[in-house]
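What follows is a single structure, written as structure tokens, with notes after it.
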Amino acid sequence: MIGWMHHTPRRTAISVCVIAAVLLFVGASSHVTDLLSHGLHPYDWAPGWLNLYWSSPALFDTLAAVFLIRGKRRGADLACAILATDLAANLYAVYGIQHSSLAAQPGLQRLTVFAALVLGAAPFIRRHLTS
């Protein structure tokens, strides 16, 4: 790892983990609401596999948030995996299915910023987390 990455202050790492965990819990609650309201296929316009994928963060967002709150490295790793795949799925939905754009999708804009925060911060905070 690059030397200057080792100098990330511990309180910065803790702050990033708490912010990410809170936002993951917000995302999980949104997915749980969709599940309770519409079942495993909340979006009629999306293919079944994409609906099933979008239902999975109800569990995985919660799991990543709990791991981050407990200071576990796997929380950062899981959050990175979730956000990378969620961003890819949403980009596919917006551009490939809905034929829309990032500018027209405020939810996708927020997801993009959150994914950039988590993916960009993960290398800096991992050393403060336990396995």
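Scoring 92-104, 26-38 by mean Cβ neighbours within 10 Å over their residues and listing the highest first yields 26-38, 92-104. Taking a span of 24 Å or more along the helix axis (Cα atoms) and a mean Kyte-Doolittle hydropathy of at least 0.5 as the rule, the DSSP H helices of the chain that qualify are 10-38, 73-91, 106-125. For segment 65-131, applying the loop criterion from DSSP together with a ceiling of 14 other beta carbons within 10 Å to the trypsin sites (Lys or Arg not before Pro) yields Arg70. Per-residue ellipticity at 222 nm from helix content only, as computed over the chain with -39500 (n - 2.57) for each DSSP H run of at least four residues, stands at -23000 deg cm²/dmol. The residues of the chain expose, per residue, 56 Å² of accessible area to a 1.4 Å probe.
The values are calculated or read from the model by the stated rules, or taken from the named source; none is laboratory data. Owing to the predicted nature of the structure, the values given are computational and were not obtained by experimental measurement. So basically every Cβ, Gly included, is an ideal-geometry build from the backbone, and we count neighbours across all protein chains shown. The accessibility values were calculated without ligands, DNA or RNA, using every heavy atom of the protein model including side chains. Shrake-Rupley method; radii C 1.70, N 1.55, O 1.52, S 1.80 Å.
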